[in-house]
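A.B. asks: Structure provided below as structure tokens; questions to follow.
The values are calculated or read from the model by the stated rules, or taken from the named source; none is laboratory data. All values reported here derive from a predicted model rather than from experimental measurement. For neighbour counting, all protein chains shown are included, and Cβ atoms are generated from backbone atoms with ideal geometry for every residue, glycine included.
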Amino acid sequence: MATVKAVIRKSKVNKHGECVIYVRYTHREKWADFSTGIKVKPEFWSPQKQTINSSRALSKNKTNQELIIERTKNDRKANSQVALKKEEILGLVRSLQLEDSEPYADEVKRKYSQKEEVKESIEELNNALIIPLFSAFIDNSSKSRTTTQSYKTCRHHLKSFEIAYKRKLKVKDMTIEFYKKYLNFLSREYVNALGDRGLQDSTSGASVKNLKVLLRHLKRSGYPIPAEISELKVNKVTPPIIYLIENEVRALVDLDLENNKRLEKVRDLFVFNCYCGLRYSDLSRLSPYHFKDDELCLRTHKNMSDVEIPLMPLPLQIAKKYNFLLPKISEQKFNTYLKEVGKLAELTDMVEQVSIKSGNKEFTMVSKWSVLSSHIAIKTFITLCGEKGVSPKTVSEITGKSVSIIIKHYYGTSKSTIRNEMNRAFG
């Protein structure tokens, strides 16, 4: 008959006079011992009850009351751990029986060793450092340069968090508690290169979004990511839609930049894209092979969809100006130089900017030229299409963006359009 009981080996006492408590499994006169990791002095061990009672030698008086309470509490915890180890061994015995295997001592020992190896493996995965895992993820990513850069920004935020809290983040740290502390760090404590404290909600939200991408990847790779990953919330901030009306585009076209080739190339690229609506990753890689019979034909970099854009006279004129080999410039420099162009073209209409930190909104009015970027060319294209009666579905086919995204994030409505529609409805 199989038995499971707790024992100590009195012959093996450490320098503190303590013995390790083992759970001994016996079957068919053969046995195997399993360490509980708990140590006890032999005089405090009860072989009959298989429990620790370290206060048995203390007199029950007021002087010893606190000591008795403390020892009793510690004994109860240790005895519970011994009981759990017994249940663990009995569980292994039952699993062998369910497999129609005889629960010999060596078989139980084998099962136990396998389980311990799994525990060690899980522990190793739990203790894996997040930053090296993130670096490996970035190195193996096939995403666009822009997306990869956003991953690197998120990694930088995590490194800054580690420095601030003087700890290395591990897989097991990825919990709701960490998320709350991390989000508070980004919105209130993070200091950027200019010395400004706290990130915009949109920026901290993007960082959390990219962190979720990493955690989903790690979970698919077998890392024990806590279930709370689905609870990580991303702050979504919808920025105002800023675009150029046709007269403003014309002001850029009419700007004399003959003596400033640097700004002339930027102006031409921007105006060209106000009538094509390409992402900058596609605009920057155009070659003469993409121009066919007054159309622009290419497969988009982000979603690998084929688009065909009929070229109107103005963008076609710009393309011919450069023999269909448009200027190449980094997006960062493009956005910087574009603001110079906008200022020279006197695009001084005021637009409202919203700054949100920790849910607090701050509104400021700025000149339109100061917020010009490559992205505004896409919004201008989509808005111009809408005002000229091009359906959202057609715009979706051209830009590769969904109709809902176009309407929510890209399609602006000019004052004249609003006034005309209101006059038609109520005039």
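A.B. asks: With respect to ASN323, determine if the residue is in contact (Cβ under 8 Å) with a residue 12 or more places away in the chain and surrounded by fewer than 12 Cβ atoms within 10 Å (Cβ to Cβ).
C.D. replies: yes
A.B. asks: Check off (1) under 29 Å from TYR223 (Cβ atoms); (2) outside any helix (DSSP H, G or I); (3) not aliphatic (A, V, I, L, M) for SER101 and give me the number that stays unchecked.
C.D. replies: (1)
A.B. asks: Something else about it: Please give the number of the condition SER141 fails out of (1) over 13 Å from the mean Cα position of the chain (by Cα); (2) assigned to a helix (DSSP H, G or I); (3) among the polar types (S, T, N, Q).
C.D. replies: (2)
A.B. asks: Let me ask another. Looking at (1) at pLDDT 80 or above; (2) in a helix (DSSP H, G or I), can you tell me which one PRO224 breaks?
C.D. replies: (2)
A.B. asks: For region 179-209, name all the residues that are farther than 19 Å from LYS168 by Cα and part of a helix (DSSP H, G or I).
C.D. replies: SER187, ARG188, ASP201, SER202, THR203, SER204, GLY205, ALA206, LYS209
A.B. asks: Scan region 25-45 for residues that are surrounded by 12 or more Cβ atoms within 10 Å (Cβ to Cβ) and farther than 18 Å from LEU84 by Cα and report the count.
C.D. replies: 5
A.B. asks: Spot the failing condition for VAL271; the list is (1) crowded, with 16+ Cβ neighbours inside 10 Å; (2) free of Cβ contacts under 8 Å to residues at least 24 places away in the same chain, and only one is missed.
C.D. replies: Single failed check for VAL271: (2).
A.B. asks: Which residues, taken from region 151-172, are in a helix (DSSP H, G or I) and surrounded by 17 or more Cβ atoms within 10 Å (Cβ to Cβ)?
C.D. replies: Scanning region 151-172 gives TYR151, CYS154, ARG155, HIS157, LEU158, PHE161, VAL171, LYS172.
A.B. asks: Then there is this: Quick one: is THR148 without any contact (Cβ under 8 Å) to a residue 12 or more places away in the chain, under 15 Å from the mean Cα position of the chain (by Cα) and in the same structural domain as SER204 (by TED's automatic domain parsing)? Outline the logic, then answer.
C.D. replies: Numbers: without any contact (Cβ under 8 Å) to a residue 12 or more places away in the chain: yes; under 15 Å from the mean Cα position of the chain (by Cα): yes; in the same structural domain as SER204 (by TED's automatic domain parsing): yes.
Criteria met by THR148.
A.B. asks: For region 198-216, indicate whether the set of residues that are touching a strand residue (DSSP E or B) at 6+ places or on another chain (Cβ under 7 Å), outside the structural domain of LYS302 (by TED's automatic domain parsing) and surrounded by fewer than 13 Cβ atoms within 10 Å (Cβ to Cβ) is non-empty.
C.D. replies: no
A.B. asks: Does GLY17 fit the bill of being surrounded by fewer than 15 Cβ atoms within 10 Å (Cβ to Cβ), assigned to a strand (DSSP E or B) and in the same structural domain as VAL108 (by TED's automatic domain parsing)?
C.D. replies: The answer is no for GLY17.
Here is a yes/no grid of residues against (1) touching a His at 6+ places or on another chain (Cβ under 7 Å); (2) of a type in the set (D, E, K, R); (3) closer than 30 Å to ASN184 by Cβ; (4) at pLDDT 90 or above:
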position: ALA319; (1), (2), (3), (4): no, no, no, yes
position: PRO327; (1), (2), (3), (4): no, no, no, yes
position: VAL341; (1), (2), (3), (4): no, no, no, yes
position: GLN353; (1), (2), (3), (4): no, no, yes, no
position: TRP369; (1), (2), (3), (4): no, no, no, no
position: VAL390; (1), (2), (3), (4): no, no, no, no
position: LYS415; (1), (2), (3), (4): no, yes, no, no
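A.B. asks: Criterion first (acidic (Asp, Glu) and modelled with pLDDT of 90 or more) does ASP282 satisfy it?
C.D. replies: Working: acidic (Asp, Glu): yes; modelled with pLDDT of 90 or more: no.
For ASP282, the condition - acidic (Asp, Glu) and modelled with pLDDT of 90 or more - is not met.
A.B. asks: Okay, next question. Answer yes or no as to whether ILE89 is part of a helix (DSSP H, G or I), in contact with a helix residue (DSSP H, G or I) (Cβ under 9 Å, 6 or more places away or on another chain) and assigned by TED's automatic domain parsing to the domain that holds TYR112.
C.D. replies: Yes, satisfied.
A.B. asks: For region 113-126, name all the residues that are surrounded by 12 or more Cβ atoms within 10 Å (Cβ to Cβ) and either at pLDDT 85 or above or among the hydrophobic types (A, V, I, L, M, F, W, C) (or both).
C.D. replies: Listed by number, the residues that qualify are ILE122, LEU125, ASN126.
A.B. asks: Cβ-Cβ under 9 Å, sequence separation 6+ or interchain: first residue in region 172-197 and closer than 19 Å to PRO226 by Cβ and outside the structural domain of LEU214 (by TED's automatic domain parsing), partner in a loop (DSSP other than H, G, I, E, B) and of a type in the set (Val, Ile, Thr). Which pairs?
C.D. replies: none
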